[in-house]
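Since the structure comes first, as structure tokens, the remarks are kept for the end.
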Amino acid sequence: MESVQAIKQRFEIIGNDPKLNRAIEKAIQVAPTDISVLVAGESGVGKENIPRIIHSLSHRKHGKYIAVNCGAIPEGTIDSELFGHEKGAFTGATNTREGYFEVADGGTIFLDEVGELPLTTQVRLLRVLENGEFIKVGSSQVQKTDVRIVAATNVNLFHAIEKGKFREDLYYRLSTVDITLPPLRERKEDIHLLFRKFASDFAHKYKMPPLKLDENAIAVLQKFRWSGNIRQLRNVAEQISVLETNREITAATLQSYLPAEGTNLPSVIKDKKGDSDFNTEREILYKVLFDMKSDLHDLKKLTLELMQSGSSKVQETNQNLIKKIYGSQENDSEIDFEEEPRTALIATPNKEERYQENDDSYLFAETIEEEEEILRLEQKEIEMIKKSLEKNKGKRKAAADELGISERTLYRKIKQFDL
Ligand SMILES: Nc1ncnc2c1ncn2[C@@H]1O[C@H](COP(=O)(O)OP(=O)(O)OP(=O)(O)O)[C@@H](O)[C@H]1O
């Protein structure tokens, strides 16, 4: 039996965390059997490594391995994708098509985000698991297949069962063995190791000298929550690798690439109860917020430079605007740009001062401000998604990777915003 260490090398899995090692060990143990395995863990923890290990160590290793993201396939086509269809089964079915369960006969199918399967598909899946039987869409002929199923979920399937969205019998069929991968924040020792690996990969890819984090930066890296887990860490490492000319990374530099923690974004509050999209939704909103913040910073810097280098005319004609952006200072007819311009950049009028006369107007104004902010965030989110899809020629997987979100979340966003 191959050792955990050898498997880690073969699959380029970085980390020494005991829970990670135990997960790999379990995968090695169950691989030679045909037991169904359910892999659990937050988005981005590396769940896909487990079915790849299981397949490659099983007697099916020369058979096909197919990974299916159940959340990324529209409900209307999932049965046909998985089980195939007959010619004429529905409009557009011009030919008979083999589904993944037919193609992967003798191999392994990885069903990622299995909790996203519609109930009708769950019934079909249960049948395959029980006796290897399935029926193509539009057919009445029962077919046989011999496929091993490894499923994964980043939501608590018990909640889905309670809500009537997931069949209990299917859950027990899928999870003969459970393998759970820990979130990155519980693998503190591995975070720097992973960052170094990614930084070295990107240095190689972009032909730049490798990054080096100083001690404080390492501490920041380890303290951060990493709600998007390894995927998020990889994205941050890539951004810094490409954008930073100074390759010695300090805590402040690193911090500027990390989303502010504890930001009271509406979706974060809404999802605190433990809804499934909490991590990924937050991830994208953080990213959006971060981009907006840096755009704003750049804009302010630009106008400040213009005013400093330009004429007093700019200041005269835009006095009100300047006050609004850089703070209203009583009896100030002119702002002293020589004095600590960076402080001026972030100074905003105190909200209590602005609204102290009337509490209601304060609350009202706050609500409107928040609503406008949400709309702006949404707009920005739509723009980012559109750009990324265009750049990646409509390939959702590539776009999702670039945006640092899962394909399932991207698929939902596309539906939500009608893109
Ligand atoms: N231990 C590891 N060492 C190096 N890279 C890793 C490790 N684990 C995961 N990765 C990388 O992190 C990224 C996310 O992994 P993966 O897609 O397997 O996550 P996931 O848990 O399946 O997420 P989701 O639930 O969103 O599909 C991938 O690019 C993967 O190669």
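The set of residues in the range 65-99 being among the aliphatic types (A, V, I, L, M), within 15 Å of the ligand (Cβ to nearest atom) and at pLDDT below 95 consists of 72, 73.
Taking (1) more than 28 Å from residue 413 (Cα to Cα); (2) out of contact with any strand residue (DSSP E or B) (no Cβ under 7 Å at 6 or more places or on another chain) in turn, residue 35 satisfies each apart from (2). Note on the range 158-185: residues that are loosely packed, with under 13 Cβ neighbours inside 10 Å and either among the hydrophobic types (A, V, I, L, M, F, W, C) or within 16 Å of the ligand (Cβ to nearest atom) (or both) amount to 2.
Please tell me if residue 155 is touching a residue at least 60 places away in the same chain (Cβ under 8 Å), within 25 Å of the chain's Cα centre (by Cα) and within 30 Å of residue 90 (Cα to Cα). Against the criterion (touching a residue at least 60 places away in the same chain (Cβ under 8 Å), within 25 Å of the chain's Cα centre (by Cα) and within 30 Å of residue 90 (Cα to Cα)), residue 155 does not qualify. With the condition kept exactly as written, say whether any residue in the range 136-146 is within 13 Å of the ligand (Cβ to nearest atom), out of contact with any helix residue (DSSP H, G or I) (no Cβ under 7 Å at 6 or more places or on another chain) and not small (Gly, Ala, Ser). No, the conditions are met nowhere in the range 136-146.
Restricting attention to the range 6-33 and to residues that are among the small types (Gly, Ala, Ser) and at negative phi, the residue that is farthest from the ligand (Cβ to nearest atom) turns out to be 31.
Here residue 190 meets the list (1) in contact with a helix residue (DSSP H, G or I) (Cβ under 8 Å, 6 or more places away or on another chain); (2) among the charged types (D, E, K, R); (3) part of a loop (DSSP other than H, G, I, E, B) almost entirely, failing just condition (3). Of all residues in the range 400-419, those that are in contact (Cβ under 8 Å) with a residue 24 or more places away in the chain have Cβ atoms under 7 Å from Cβ atoms of residues that are of a type in the set (D, E, K, R) and not in a helix (DSSP H, G or I), 6 or more apart or on another chain, in 408/113; 409/277. Going residue by residue through the range 112-128, is there one that turns out to be out of contact with any Leu (no Cβ under 9 Å at 6 or more places or on another chain), part of a strand (DSSP E or B) and within 16 Å of the ligand (Cβ to nearest atom)? Looking for residues that are out of contact with any Leu (no Cβ under 9 Å at 6 or more places or on another chain), part of a strand (DSSP E or B) and within 16 Å of the ligand (Cβ to nearest atom), one finds at least one in the range 112-128, hence yes.
May I ask you to verify whether residue 173 is touching a Gly at 6+ places or on another chain (Cβ under 7 Å) and either assigned to a helix (DSSP H, G or I) or closer than 24 Å to residue 31 by Cβ (or both)?
no
Of everything in the range 34-64 that is more than 9 Å from the ligand (Cβ to nearest atom), modelled with pLDDT of 95 or more and assigned to a loop (DSSP other than H, G, I, E, B), the residue that is nearest to residue 110 (Cα to Cα) is 64.
The values are calculated or read from the model by the stated rules, or taken from the named source; none is laboratory data. Every value quoted in this text rests on a predicted model; they were computed, and no experiment measured them. Cβ atoms come from the backbone with ideal geometry, glycine included; neighbour counts cover every protein chain shown.
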